[in-house]
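Presented below is the structure to which this report refers.
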Amino acid sequence: MNLLQTRRQFLSHSATAAGLTLILGGRRLFAKDASPNNKLNIGVIGTAGRAASNIDGIKSQNIVAACDIDDNYLAKIQTRFPGAKTYNDFRKLLDQPGLDAVVVSTADHTHAVATAGALHRGLNVYCEKPLTHSVHEARTIAALAKASGKATQMGTQIHAGANYRRVVELVQSGAIGPIGEVHVWVGKGWGGGELPTDTPPVPENLHWDLWLGPAPERPYNPTYLPANWRRWWDFGNGTLGDMGCHYIDLPFWALKLRHPSAIEAEGPPVHPETCPTHAIVHYEFPARDTLPPVKLSWYDGGQLHTALLEEHKLTDKKGGGVLFIGEKGVLFSDYDHHQLLPAEKFTDFQPPAPSIPDSAGHYEEWITACKTGSPTTCNFDYSGALSETVLLGNVAYRTGKRIEWDAEKMTCPNAPEAEAYLRREYRPGWKL
């Protein structure tokens, strides 16, 4: 063995023994036994709105890169993190040497491209919900994450709360018996509108072409930014895309759901450009092991039947909630509270002892996972299937019929026309 080989072995063993960060191909990779006290070098893609909250969640680490298509937002973030390099194009940020992880907080239509780019480069990823803009992207990102072995987390922050954990324990302990029906609703509604006809100049601080990213080219108009992009099919998925991953997450977790077998939706006439102002979606899930089939119904834009709320004395819960219908009773939950109904039936009920450990925090879970390889509860395997389910609701709505879903083949055998809504084309220069 020559001297050079001996020296290399010594350095390698010394670094591992000390739990130090390894340098491989110019990129820092945390060892599984690395100290949780080491700080990650994180790049943030998107800096305002939802992104600002995400940055607050990970600000304990080193923010070394920031990307935004708005120069005004970039100037603010650079004031806050003066050592961070700034970019308008996240593809360039992803090539910055020394990154450990990225946080993706862009509009839905660029989630998958940014996330795939990060995973291809061996980076850990936190991405806002929904994980992707299309069903095909959700499955692709989940597969990439699995192959990469990196720490991933989707931004369903309420998943880390104690209330959701207690509800999952109640459901899985059989507190209300077998559950075959769930109702999920939100009062808000993103949708409606027509294509603008005016074409004002692009503001000097805005990089419009980069904001469009993989989406079809169209003229700039202020109607799309900063938040109304959610109403447009090319960029968002309406209310279902915005809120579905938060509320459907609870029955998805509690009932061990994975892929629906059929989906049917109703709402106003389908518009080629904009999402519906309101919708009702019915999902059918097959039996899972000893658990019975489940019908899950989603309502947004104030479409929940008042009679259901009146029946269970929940008329003050129109803003949003989840109602599990069991053979022994019902269970209502929103983000922060839950109750077993009818109340008089559960007067002497003793809840099961907590069995799901409290979370260290939604962001902290991911940060620790990046450093140590510990699990996250909203990893891309779980949240990919959740996002896929949510997005299938819009596929059914746009198809205009009850669709059967072959999850293995990713096809709708009874509705080949649904293929047009399962995936999308990307502009040149943008890819997964």
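Every number here is computed from the coordinates shown, using simple stated rules; none is lab data. For clarity, every value in this text was computed on a predicted model and none was experimentally measured.
Would region 40-124 count as rounded, prolate or oblate if I go by the C-alpha gyration tensor, calling it rounded below 1.5 in a/c and otherwise prolate when a/b exceeds b/c, oblate otherwise?
Verdict is rounded for region 40-124.
At a Cα cut-off below 14 Å, give the aspartates and glutamates reachable from Lys150, other chains included and same-chain residues fewer than 8 away excluded.
Asp100, Glu365, Asp381
Could you tell me which of the pairs Lys313/Lys345; Lys39/Lys256; Lys146/Lys431; Lys256/Lys409 are separated by over 24 angstrom between their Cα atoms in the structure shown?
Distance filter (> 24 Å) returns Lys39/Lys256.
Kindly identify region 194-321 as rounded, prolate or oblate by the Cα gyration tensor criterion: order the square roots of the eigenvalues as a ≥ b ≥ c, call it rounded if a/c is under 1.5, otherwise compare a/b with b/c, prolate if a/b is larger, else oblate.
Note, shape of region 194-321 comes out prolate.
Suppose the chain between Thr290 and Ala48 were pulled fully straight at 0.36 nm per residue; how much longer would it get relative to their current alpha carbon spacing?
Gain on extension, Thr290 to Ala48, equals 82.6 nm.
May I ask for the angle, rounded to the nearest 10°, between helix 135-148 and the longest principal axis of the chain, with both axes built from Cα atoms and the value confined to 0 to 90°?
40 degrees
Normalising by the residue count of region 241-303, find the relative contact order in percent from Cα pairs under 8 Å and 6+ residues apart.
Relative CO of region 241-303 lands at 27 percent.
Where both residues lie in the chain, what percent of DSSP beta bridges are antiparallel, nearest 5?
Percent antiparallel among DSSP bridges in the chain is about 60.
Quick one: among Ser374, Ser355, Ser333, which has the greatest mean-square fluctuation in a GNM of the chain with alpha-carbon springs under 10 angstrom?
Ser355
One-quarter of the Cα convex hull surface for the chain, in nm²?
About 24.5 nm², averaged over all directions.
Below 8 Å, C-alpha to C-alpha, sequence gap of six or more: please give me the relative contact order for region 82-133 in percent.
Across region 82-133, relative contact order equals 38 percent.
Relative to the present Cα-Cα distance, how much length would full extension add between Tyr426 and Lys39 at 0.36 nm per residue of separation?
Contour length minus the Cα-Cα distance gives 135.8 nm.
Using only the Cα atoms of region 328-373, what semi-axes does the equivalent ellipsoid have when each is the square root of 5 times a gyration tensor eigenvalue? Give whole Å, largest first.
Equivalent ellipsoid semi-axes, largest first: 34, 12, 7 Å.
Multiplying the sequence separation of Thr197 and Asp95 by 0.36 nm and subtracting their Cα-Cα distance, what value in nm do you get?
32.9 nm
Taking every Cα atom in region 151-245, find the radius of gyration and the maximum pairwise distance Dmax, and write them in Å.
For region 151-245, the Cα-based Rg and Dmax read 19.8, 60 Å.
Using a Gaussian network model on the chain with a 10 Å cutoff between Cα atoms, which of Thr239, Thr152, Thr411 fluctuates the most?
Fluctuation is largest for Thr411.
Please list log₁₀ I(q)/I(0) at q = 0.09, 0.19, 0.21 Å⁻¹ for region 322-432, using the Debye equation with identical point scatterers on the alpha-carbon positions.
Scattering profile of region 322-432, log10 relative to I(0): -0.49, -1.07, -1.11.
Send over the semi-axes of region 257-296's equivalent ellipsoid, whole angstrom and largest first, taken as the square roots of 5 times the C-alpha gyration tensor eigenvalues.
Semi-axes (√(5λ), whole Å): 29, 9, 7.
Taking H placed 1.01 Å from N in the peptide plane, check which residues at least 5 places from Thr411 or on another chain put their amide H under 5 Å from its amide H.
Long-range HN contacts for Thr411: Asp406.
List, largest first, the extents of the alpha carbons of region 54-213 along their principal axes, each in whole Å.
Ordered largest first, region 54-213 gives principal extents of 59, 45, 31 Å.
5 Å is the cut-off here: which amide hydrogens, built 1.01 Å from N in the peptide plane, fall below it relative to Thr274, excluding neighbours closer than 5 in sequence?
It is Trp233, by chain and number.
Only Cα pairs under 8 Å and at least 6 apart count here; give the relative contact order of region 308-432 as a rounded whole percent.
9 percent
Could you tell me how many degrees, from 0 to 90 and to the nearest 10, lie between the Cα long axis of helix 111-120 and the main elongation axis, the longest principal axis, of the Cα atoms of the chain?
40 degrees
Using only Cα atoms, tell me the angle between helix 162-172 and the longest principal axis of the chain; keep it within 0 to 90° and round to the nearest 10.
50 degrees
Non-local amide H neighbours of Val330 (under 5 Å, H modeled in plane, Pro and chain starts lacking H): which ones?
Amide H to amide H, under 5 Å and 5 or more residues apart or across chains, Val330 pairs with Leu341.
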